Amino acid sequence: MRKVGFHFAKVFRLFIGAFLLVILVIVAINFISHSKKQLKIPMQSKAISQKKIEKKERIEHVEDKGGKRNRHIQADRHYLGKDGLYHVEGNVKIVFLKKKDGQDVFLYGDEIVYDKEGSHFLIRGQARIEFKDLRVKSSFLEYDTREEVIKSDEGINFSSQRVTGSAQHVVYSLKKAKIELLENIRLQLWPNLDTSLPLEIQADKFDYLRKKRHGTLEGGVLIFHGDSCGMADFMEFDLVSTGEQIKSLLLKGNVRLSLIAEEGKKESFQKQASLFLYNKERDFKADEIFIKGFWNLPQIQNIKAKGDCDFKFISLSGSFTRIQAEAIEFGLNREGKFREFHSNKNVRIFEQGERAESQRIIEGEIIYIKGKKNILMIEGKDRSKPRILSEGSEISADSIIVFLDNNNLEAKEGVKLILNPRRASEKSVGFFSKEKPVFITSREMRYSEAEKRFLFSEDIKVWQGKEMLIAKELSIYNETGKILCGGGVKSILPYTREGSQEEEKIEISAYSMNFDPEKNLIAYQEKSSLKLKNLNMSAQSIFVHLTKEKGEMETIVAYGKVIINQNQLEGKGEEARYDVNSETLDLLGTPVINDKKKGKIEGFKLTFYMADGRIVVENKDRERSVITVKK
């Protein structure tokens, strides 16, 4: 996926580095326990009366170690107090001299108090530590050289060129290399990114084990970066051995992340699996989010979320993609681009376009992407089938596959497609009404995005009310309304004649069928047959002409070896025409009727009147003869 306004892994690494720098400065206080020489102050083991207290005013002391200057101390007073402790007071300044220029450490304060054994030190007043561009302030610092622990419970503040922060309590163990910050933790970082906005972090507790490169943040963890923000009850992270990269990051408990692109940055998105992952605004919610980084790159490799996951990708225009599931996982490559996706348990993907009605919903028990094959797999569980709902249709099946490269689709086993009612400006689905939904079931289905075509195979059934189509192969062109059928077709077409409220039906079968929406024509080819009331007809082909306005049946025409059976009569000819409203059928092309009782009847045209059972025989250049066949 496309990178957002700030890179969290890199920013958080900078925070860790900056804070460790603070700790290094504080640790420098242990110089006394490591020094072979004490300050040159009178030290007596016996009790000292107030009168015997010796004070040195305006002192300046330089201590050598190994023939080189080690420390430089300045203060207004230096004495052994009646409490048996040594005191350095007034404008205290201690400089820890380093071998390299620019590496010196400066300690300032109103007072430093330490015991005779040099095992416990208290720094009071306006305490300040400076190292390079780093400055640390506190009203109180405590250092135990035996336990090698530094503490403060009166609040600390620190700042540098790119980091500022504060906390109420600090505990640092030199032996365990463990850092603890407690209460009201506030951090501000200006990372080395293309932004002038700081990253702000708040928490109630921060722990870090330096040897293990492991840290935690607890209690109302908040993260801010410009308009972007995040929150969690708990945060845990691990660094790689060098400490320069985030190895992993865990957010737990009411995790919320809202990432807003900075002003002036060009909006873009990554279209993957027909899912638009916009970057203007990204809202993530989950009970837990785990982030894994590359060991040698400041780049996220894997994101795993679980527990009421809700990921939303929003565009500048208001379009968005929303992914909801019990568990979600994203995989990224080294360039930060989308590599794989996996989600499970009650997965729902909702896409909203710029138009209110432009929507698509994908639902399944498991939805994932096969990276190498570049396909989106949608699977169900038990009786809960996966489905895809869009503005014009609803698809469900035991399994659904979406091909990412071309947005083609495959559905297998128990396929059901619902084509929703069409708008007035849209083409109807085949010869079905556009005012009602069309239902289709089959064993398998494919959809071609380029052709806008649905292809069904095996056990196909299409219906709308009482209108029905059964076939072994079926193609529906969604935009044009064209239909092609093969492998054996059967259709049931209900109709109501003008002036009548009684609904009739015609059943037509053939090897193949196609519907031409431009001609409003249904064509049945090869071994065609028709059933109408008490009349059966067979022919090589049958054509159903529909009205242009409403798509209702108007005329049915049969060609090639036409055979009509009605009661004890059998009619044969080369052409037959049935008028739906008048309920008359004309048999043409040297027609002949074989009557079991009356023999053979021939004529130029034979007309069957379905209402009363009459047959009118017309002959050329002869008188018109009428034969009535009783029902």
Handout entry: Three-way shape call for the range 482-628 based on the alpha-carbon gyration tensor, with the a/c threshold at 1.5
Key = prolate
Practice task
Would you mind pulling out the separation of the Cα centroids of the range 308-326 and the range 488-545, in Å?
Solution key: 48
Exercise for the section: Pairs to check: Lys381/Lys412; Lys533/Lys620; Lys212/Lys304; Lys434/Lys550. Give those whose C-alpha atoms are more than 20 Å from each other in this structure. Expected result: Lys533/Lys620; Lys212/Lys304
Problem - ³J(HN,Hα) computed for each position of the range 545-550 - Karplus, 6.51 cos²θ - 1.76 cosθ + 1.60, integer Hz, glycine/proline x - result: 8, 9, 6, 6, 6, 10
Practice task
Straight distance only, please: which aspartates and glutamates reach the Cα of Lys561 with their own Cα at less than 13 Å, same-chain residues fewer than 8 apart left out?
Solution key: Glu526, Glu570, Glu574, Glu575
Problem - Simple Cβ-charge dipole of the range 491-545, Lys/Arg +1 and Asp/Glu -1, about Cα centre, in debye nearest 20 - result: 200
Problem - Sum of side-chain charges, Glu473 neighbourhood, beta-carbon under 15 Å (Lys, Arg +1; Asp, Glu -1) - result: +3
Practice task
Mind running the shape call on the range 421-558? Use the C-alpha gyration tensor, a ≥ b ≥ c as the square roots of the eigenvalues: rounded below 1.5 for a/c, prolate if a/b tops b/c, oblate otherwise.
Solution key: oblate
Practice task
Rank-order 502-513, 349-360 by packing density, defined as the average count of other C-beta atoms within 10 Å over each peptide's residues, highest first.
Solution key: 502-513, 349-360
Completion exercise
In debye to the nearest 20, the charge dipole size for the range 482-628, taken about the Cα centre with +1 at each Lys and Arg Cβ and -1 at each Asp and Glu Cβ, equals 500
Practice task
Return the distance in nm (one decimal) between the two label points of a simple spin-label model at Arg614 and Ser119, each offset 7 Å from Cα along Cα→Cβ.
Solution key: 12.9
Problem - Environment charge at His545 (Cβ cut-off 12 Å; Lys +1, Arg +1, Asp -1, Glu -1) - result: -1
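Which of the peptides 200-207, 530-537 is most tightly packed, and how do the rest follow, going by the mean number of other Cβ atoms within 10 Å of each residue?
Numbers: 200-207: 19.4, 530-537: 17.8.
Ranked from most to least packed, the peptides come out as 200-207, 530-537.
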Exercise for the section: Would you give the gap between the C-alpha center of the range 391-432 and the C-alpha center of the range 158-178, rounded to a whole Å? Expected result: 60
Fill in the blank from the handout: Most exposed to least, judged by fewest other Cβ atoms within 10 Å, Leu97, Leu259, Leu588 sort to Leu97, Leu588, Leu259
Completion exercise
Of the candidates Cys485, Ile522, Met553, the farthest towards the positive dipole end of the range 482-628 (Lys/Arg Cβ +1, Asp/Glu Cβ -1, centred on the Cα centre) is Cys485
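Quick note: the coordinates plus some simple rules give every number you see, no bench work behind them. From a predicted model like this one, the values you see are computed outputs, not experimental measurements. Don't worry about glycine lacking a Cβ; one is built from the backbone with ideal geometry, like all the others, and counts go over all protein chains shown.
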